[in-house]
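Okay, structure first, notes after.
The values are calculated or read from the model by the stated rules, or taken from the named source; none is laboratory data. Everything numeric here is computed off the predicted structure, so don't read it as measured data. For neighbour counting, all protein chains shown are included, and Cβ atoms are generated from backbone atoms with ideal geometry for every residue, glycine included. With ligands, DNA and RNA removed, areas are computed over all heavy atoms of the protein, side chains included. Shrake-Rupley method; radii C 1.70, N 1.55, O 1.52, S 1.80 Å.
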Amino acid sequence: MSSQAIIDRVEALLSQMTIEEKAGQLTQYFYFGGLPDPEPGIEGGFYPSQLRHFVEEQMKSGGVGSVLFVRDAQELNNLQKLTVERHRLGIPLLVGYDVIHGFKTIFPVPLAVAASFEPAVAERGQSVAAKEARSIGIHWTFAPMVDIARDPRWGRIIESAGEDPYLGAAMAAGQVRGFQGSDLSSGDNVLAGPKHFAAYGASLGGRDYDEVNVSDSELHNVYLPPFEAAAKAGAENFMTAYMGVNGIPATANKYLITEVLRKEWGFKGFLVSDANAVINLITHNFAKDRPSASASALNAGLDMEMAMFDSAYSGIPDAVANGEVSIDVINDAVRRVLTAKAKLGLLDNPYVDVARSEQVLNDPAHRVAAREAAEKTFVLLKNEMKALPLDAAKLKSIAVIGPFANNKRDLLGPWCFAFDLQETVSVYEGIKNKVGDSVTVECAQGVAHERRIHASIFDNDPNNHVHDPADFNEEVEFAKAVNLAKNSDVVVMVLGEQQAQIGEQASRSTFVLPGRQLELLKAVAATGSKVILLVQGARPLDLNWASENIPAIMNIWYPGTSGGTAIANTLFGDVSPAGRLPFTWVRSVGQVPMIYSRHISHEPANSDNRYWNEPGSPLYIFGHGLSYTDFAYSDIKIDKTVLTKSDSLSVEVTVTNSGERDSDEVVQLYIHQRYGTAIRPIRELKGFQRVHIKAGESQKVAFSLTPNELRYWNAAAKGWVNDSSHFDLWVGGSSAAALHTEFEVK
Ligand code: BGC
């Protein structure tokens with residue numbers, strides 16, 4: 001449809017709508033297709049069947065513009081039919097879903113993908129996810145999550161790209177491109193909805209949903225850049241966050257939504273609130289009642305409300321009648337939602353071909369893509385005496401030990417729902433498939449899965465449960481595991497957190513390995529067998545003991561459907577790991593927050609001695625990650641030493657693979673401004689490239705630093721500035737990059 005045809009279509013519909021129908025178009029309800037009701041007696045459970053009945057009733061009067069959480073093609077076709085046929089205007093539903101890291105084929109979690117330091121990995125993965133989701137009738141994903149996460153107590157760090165705004169911006173744009181492709185009506189793409197606008201990652205104490213207080217400087221320099229990158233990449237939707245930002249709820253924040261997003265960045269799409277965030281304006285002591293809650297959100301620039309049962313937008317007719325919000329504001333919001341439906345081609349055909357969706361979901365190429373993505377994400381934290389890679393020809397027996405050794409659901413991570421466990425490859429299975437019959441591969445769980453003390457909303461989905469059998473005897477299993485370790489040439493231990501222990505509603509106040517996992521690791525190590533530790537997690541779990549005592553440690557995140565295969569390929573050296581940490585790996589919770597791009601302060605020489613009880617340095621730094629070879633950096637060249645404020649700088653460096661194996665390397669560029677009109681961080685990432693270099697070969701890697709990379713938001717000027725200053729520039733394989741040069745901006 002041409003843009004004029006879209007406008008005509010939208011105006012024609014709008015002119016026929018009553019105020020109640022307009023409020024309906026702006027309302028999105030949870031539907032929870034296929035989710036069973038809880039067993040009687042489960043505390044706090046809700047009843048999805050009641051919700052579905054409620055939503056279907058609302059449809060009759062045009063009271064629903066969008067639904068979320070349906071994962072079946074036939075069910076979606078039925079729902080569309082119901083919507084179109086039950087109401088005189090017949091406007092199809094916009095269907096949203098949390099397609100965070102895959103739909104049926106599960107890719108590594110977003111933090112893992114950020115560790116690849118390769119935005120193309122994010123783009124490819126999300127394009128597969130979009131294709132699968134769209135094939136079943138989902139039009140819109142609540143992703144990418146682009147919140148900067150500097151507090152790993154916050155479970156939602158796993159959905160983010162970690163602590164750095166430059167890396168976060170690149171990953172945000174890559175994901176938007178992947179989801180949306182070039183043509184939304186092609187049937188293979190979905191609308192992207194970057195979230196949670198804005199600064200949700202700064203919640204107090206890392207406690208999910210708590211208040212956020214950030215300075216203007218942090219807001220603009222740290223939290224907003226990934227959102228801006230997502231908007232500039234063409235994202236059609238944004239989701240506002242739950243909490244208040246400096247006292248003003250994000251969902252009714254006119255400054256963020258209208259001034260920054262719409263006016264400064266030129267965003268033309270529509271916004272949705274996070275779940276119940278509009279009605280929560282009342283709960284949060286901000287709005288008096290439903291009409292005033294809806295008016296304050298709409299007047300700030302929000303369009304759609306995401307609601308469960310109770311919608312604040314049912315107050316829209318009263319809010320218009322009593323003058324709290326104008327009909328023009330409502331009309332503009334409805335226009336934006338209808339435009340999205342038109343762009344997707346929904347106004348002509350809201351149905352999908354169920355047989356085609358089966359083919360798309362079962363495309364074996366998707367599992368291959370998931371494996372390739374996973375292989376890019378592993379971070380080799382330690383590899384003493386070349387403990388890795390393993391050589392299967394030299395081994396007779398391998399033990400795979402730990403609660404995640406042969407556990408499929410947890411390997412997929414949180415925020416996935418339509419996965420297929422049959423096709424998911426566990427670590428144990430991946431290793432067994434890899435080494436063939438000549439090596440004995442055995443597996444032992446060793447310890448129980450420690451349970452959360454509070455349930456989360458995700459526990460309503462029975463597919464999310466990993467429970468030990470009632471007769472699981474930890475003493476017996478522990479002894480079995482240690483005995484197996486004793487009698488094996490190599491032990492691959494898979495320890496970490498369950499998927500339900502990280503994500504939304506999964507903040508944590510300690511980073512120790514849950515349950516008796518550390519005790520098991522110590523007992524296994526004491527057998528004297530060679531131990532390789534794989535860490536399944538997405539926060540800096542306590543590896544203080546392991547980092548001293550275990551020769552090889554690799555963080556595997558939650559690697560997805562083909563995770564076990566990718567891990568085996570890496571353990572046995574078909575692939576050299578090259579992922580890098582997208583966050584600072586602290587020694588202990590008490591160090592949080594700790595970031596690499598800090599400001600220098602009083603007595604800089606003592607900055608690592610601030611705690612009297614432990615080093616003030618992290619266990620592993622941002623950007624750290626080893627591979628199976630070594631890289632050397634040389635010949636740094638810049639094309640000028642003095643720049644004007646509008647000049648760009650070309651940087652070139654030679655990277656040499658000086659080891660014996662081909663490998664990827666993540667080349668990182670950092671800068672530091674020596675003086676100016678504000679204090680700037682000691683180092684800031686301003687460029688990175690992942691390159692593949694064969695053993696013994698060298699490659700020239702080039703970067704361009706533009707005025708954009710040198711500017712920053714200045715609290716005194718209350719705006720963006722480019723200072724005159726001298727700058728340091730380093731290039732290397734981590735945030736400790738040593739190859740240095742300098743330049744001046746006049
Ligand atoms: C989360 C969002 C998510 C929404 C819908 C909320 O609780 O904060 O990230 O998109 O639920 O599932």
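Key figures
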{"item": "Largest to smallest accessible area among Cys443, Cys416 [probe 1.4 Å]", "result": "Cys443, Cys416"}
{"item": "Share of alpha-carbon pairs per 10 Å distance bin for segment 55-112, given as whole %", "result": "21, 43, 20, 13, 2"}
{"item": "Cβ-Cβ FRET estimate between Ser186 and Glu384, R0 fixed at 56 Å, reported to 0.05", "result": "0.65"}
{"item": "Segment 154-216 shape via C-alpha gyration tensor axes, a/c threshold 1.5", "result": "prolate"}
{"item": "Projected area, mean over directions - segment 429-561, Cα convex hull, nm²", "result": "9.1 nm²"}
{"item": "Nitroxide proxy distance, nm - points 7 Å out along Cα→Cβ at His467 and Lys700", "result": "6.4 nm"}
{"item": "Computed FRET value (nearest 0.05) for Arg516 with Gln50, which takes r as the C-beta separation and R₀ as 35 Å", "result": "0.30"}
{"item": "Under 16 Å from the Glu211 label point (7 Å along Cα→beta-carbon), backbone N, segment 233-247", "result": "242-247"}
{"item": "Base-10 log of normalised Debye intensity for the chain (one unit scatterer per alpha-carbon) at q = 0.10 Å⁻¹", "result": "-1.02"}
{"item": "With all protein chains modelled, accessible area of Asp664 [1.4 Å, Å²]", "result": "20 Å²"}
{"item": "Fraction of beta bridges assigned by DSSP in the chain that are antiparallel (%, nearest 5)", "result": "55 percent"}
{"item": "Cα gyration tensor shape for segment 572-712, rounded if a/c is under 1.5, else prolate or oblate", "result": "oblate"}
{"item": "Whole-number percent relative contact order across the chain, with pairs defined as alpha carbons under 8 Å at least 6 apart", "result": "13 percent"}
{"item": "Ser2/Lys254 FRET efficiency (R0 25 Å; Cβ-Cβ; nearest 0.05)", "result": "0.15"}
{"item": "Residue-normalised accessible area of the chain, expressed per residue, 1.4 Å probe, Å²", "result": "37 Å²"}
{"item": "Quarter of Cα convex hull surface for segment 203-356, i.e. mean projection, nm²", "result": "11.4 nm²"}
{"item": "Loop trypsin sites (Lys or Arg not before Pro), segment 1-106 (other Cβ atoms within 10 Å of the site Cβ: 13 or fewer; DSSP)", "result": "Arg88"}
{"item": "Kirkwood hydrodynamic radius over Cα pairs of segment 59-218, then Stokes diffusion coefficient at 10 °C and 1.306 mPa s, in µm²/s", "result": "95 µm²/s"}
{"item": "Contour excess over end-to-end distance, with Cα ends at Ala355 and Trp720 and 0.36 nm allotted per residue", "result": "126.1 nm"}
{"item": "Largest-first ordering by accessible area, 1.4 Å probe, given options Val214, Val320", "result": "Val320, Val214"}
{"item": "Cα-based shape type of segment 27-146, given that a ≥ b ≥ c are square roots of the gyration tensor eigenvalues and the cut on a/c is 1.5", "result": "oblate"}
{"item": "Too-long pairs where the Cα-Cα distance tops 30 Å, listed order kept, from Lys104/Lys341; Lys131/Lys263; Lys22/Lys288", "result": "Lys131/Lys263"}
{"item": "Relative packing of peptides 580-589, 608-617 - highest average C-beta neighbours within 10 Å first", "result": "580-589, 608-617"}
{"item": "From the C-alpha gyration tensor of segment 460-503, square roots of 5λ in Å", "result": "27, 16, 7"}
{"item": "With all protein chains modelled, accessible area of Lys486 [1.4 Å, Å²]", "result": "120 Å²"}
{"item": "Low-density loop positions, trypsin sites (Lys or Arg not before Pro), segment 649-708 - DSSP coil, at most 12 other Cβ in 10 Å", "result": "Arg674, Lys694"}
{"item": "Of the trypsin sites (Lys or Arg not before Pro) in segment 342-427, those whose Cβ has at most 16 other Cβ within 10 Å and which sit in DSSP loop", "result": "Lys396"}
{"item": "Convex hull of segment 653-741 built on C-alpha atoms - directionally averaged projected area, nm²", "result": "5.9 nm²"}
{"item": "Centroid-to-centroid separation of segment 70-133 and segment 11-61 [C-alpha atoms, Å]", "result": "19 Å"}
{"item": "For the chain, calculated [θ]222 nm from helices alone, where every DSSP H run of n ≥ 4 adds -39500 (n - 2.57)", "result": "-8000 deg cm²/dmol"}
{"item": "Leu571 accessible area, 1.4 Å probe, all protein chains in place, Å² to nearest 10", "result": "0 Å²"}
{"item": "Sulfur and carbon atoms: percent of accessible area, the chain [1.4 Å]", "result": "50 percent"}
{"item": "Full-extension gain in nm, Glu75 to Asn609, via 0.36 nm per residue minus C-alpha separation", "result": "186.2 nm"}
